[in-house]
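Everything below concerns the one structure shown next.
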Amino acid sequence: MEVGSSKRKNYPVPEPALRRMPCYLAYLKQEHRKGSKYVSSTLIARDNGVDPTQVTKDLSYTGIAGKTRVGYEVAPLIDALENFLGFRVMDKAFLFGAGSLGTALLHDHGLVQYGLKIDAAFDVDPKVLGNEISGVKIFHIDDFIKKPQSDVEIGILTVPAQKAQDVAEIMINNGIKAIWNFTPVRIKVPENIVVQNTSLYAHLAVMFNRLNSLPEEK
């Protein structure tokens, strides 16, 4: 996997399609391990809870088309999806906030498989400064501000909610162009900054609501 800043072509792909594609990829890898050489859009749709026409439309963005009465060739489609999603180019990231969630992400070796390598972590807690987790050293955030210009453009935000906006501004002012935001706060950023919000608490609320809405067993 190539390490470096990924300068990928812009594709007019709807966000819902982008969210579905990693699910297709995981499914295709399972089929590949089973020895499947071809898989139809109908099977992909059935096992992912999506309409077959939606699967075909989503996969068309990769430039790969299925064959009549055969379906998609599994191995080439895996390659096409990984290239399209950027998983074949290794992007480096800085993590901000080495608390419990940040530490869990540092332990998550699966991120590398999807093209993201955490290069360094930053915090202000004396208890964690200088520690090394899974080969990633934790520095004081002042070291990030003082550092020479870096080629790292991605920042992972896992600080306490009350610090989210302040730290986001520090990140942006020092070269971060894309923020993966794990805090429940919707940070305010300039238009040229990419933000991807991933709120664990929001998904937890949805799960609780759906659980409580289940009909009672008789």
All-but-one check, TYR27 against (1) of a type in the set (Ser, Thr, Tyr); (2) at pLDDT below 95; (3) in contact with a helix residue (DSSP H, G or I) (Cβ under 7 Å, 6 or more places away or on another chain), failing number (2)
The listed residue being loosely packed, with under 13 Cβ neighbours inside 10 Å and not hydroxyl-bearing (Ser, Thr, Tyr), out of GLU169, GLU191
GLU191
On the given criteria, is TYR61 more than 15 Å from ASN83 (Cα to Cα), under 20 Å from the mean Cα position of the chain (by Cα), among the hydroxyl-bearing types (Ser, Thr, Tyr) and surrounded by 15 or more Cβ atoms within 10 Å (Cβ to Cβ)?
no
Within region 96-113, is even one residue within 22 Å of LEU204 (Cβ to Cβ), exposed (fewer than 14 other Cβ atoms within 10 Å of the Cβ), of a type in the set (S, T, N, Q) and within 19 Å of the chain's Cα centre (by Cα)?
yes
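Each row is one residue, and each column tells you yes or no for (1) under 20 Å from the mean Cα position of the chain (by Cα); (2) at pLDDT 95 or above.
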residue	(1), (2)
GLY4	yes, no
ARG8	yes, no
PRO22	yes, no
HIS32	no, yes
PRO52	no, no
THR56	no, no
ALA65	no, no
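The values are calculated or read from the model by the stated rules, or taken from the named source; none is laboratory data. If you're wondering where the values come from, they're calculated on a predicted model, not measured in any experiment. Ideal geometry is used to build each Cβ from the backbone, glycine not excepted, and the neighbour counts take in all protein chains shown.
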